[in-house]
Ligand code: URA
């Protein structure tokens, strides 16, 4: 089990620079199991129960690294620093945006796509979810500009659909028509604007796109846009269930 010096731990969790957290510790606001810790050099074992035992200003320590979050991404927020507009990271508590390792999105959703978006500071977990070899399915509901023609499911399932500008066909995808102009699409890859481009390739246009499932993990019905919460071990297991 790993251990870190208290000042390094607090600085990595975004509580301030090394100097600032040393000052916090000197001021006696950090307690471990109820006793003030005044030695910033003290080695702290990173046990799962640490946040409940180590308080800063009377408040449990932030979650340790290995953090995974689910967000209901609202429309209009972007996952990319390169794009204009509010970043999804703005929904996180301010301190969490200064953590090292940093929290990043697991893949991306377009600015105009809503729904289930995962974030984590755990690089190995991130790669397990996005690696095409794992075949973790992502399910979307698309609202289309024109009625379905009827052959889209076969085209998507064929594993031969070539998107404009690419040289490798898409892996098979599943289409479930819901109404004349809405459909569920399940894909296992994460190519740029993939679902929008798939419908463009069959002569349609996506007016609205929403992701409601990753692997076996559903966006909860009562989880409003903009809400974010820490994932449980069961949530993470659900992502890989059936993959
Ligand atoms: N496909 C898209 O076109 N956009 C997304 O945000 C996700 C998948």
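The values are calculated or read from the model by the stated rules, or taken from the named source; none is laboratory data. The shown structure was predicted, so the numbers you read here are calculated from the model rather than taken from an experiment. Backbone-built Cβ (ideal geometry, glycine too); neighbour counts: all protein chains shown.
Okay, here's what the table says:
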| item | result |
| --- | --- |
| Among residues of the range 119-144, those that are part of a strand (DSSP E or B) and away from the ligand (no atom under 13 Å from the Cβ), counted | 2 |
| Test set (1) within 16 Å of the ligand (Cβ to nearest atom); (2) assigned to a loop (DSSP other than H, G, I, E, B); (3) out of contact with any helix residue (DSSP H, G or I) (no Cβ under 7 Å at 6 or more places or on another chain) - residue 184 fails condition number | (2) |
| Only one of 241, 234 that is under 20 Å from the mean Cα position of the chain (by Cα), at pLDDT below 95 and surrounded by fewer than 17 Cβ atoms within 10 Å (Cβ to Cβ) | 241 |
| Looking only at the range 195-207, and only at residues there that are surrounded by 17 or more Cβ atoms within 10 Å (Cβ to Cβ) and within 12 Å of the ligand (Cβ to nearest atom), the one that is nearest to residue 68 (Cα to Cα) | 195 |
| Any hit, the range 208-221, residues being within 16 Å of the ligand (Cβ to nearest atom), within 23 Å of the chain's Cα centre (by Cα) and assigned to a loop (DSSP other than H, G, I, E, B) | yes |
| The range 27-52: number of residues that are in contact with a strand residue (DSSP E or B) (Cβ under 6 Å, 6 or more places away or on another chain) and farther than 20 Å from residue 63 by Cα | 2 |
| Residue check, residue 169 surrounded by 12 or more Cβ atoms within 10 Å (Cβ to Cβ), modelled with pLDDT of 95 or more, over 25 Å from the mean Cα position of the chain (by Cα) and part of a strand (DSSP E or B) | no |
| Close pairs (8 angstrom Cβ cut-off, 6 or more residues apart or separate chains): outside the structural domain of residue 193 (by TED's automatic domain parsing) in the range 209-235, assigned to a strand (DSSP E or B) anywhere | none |
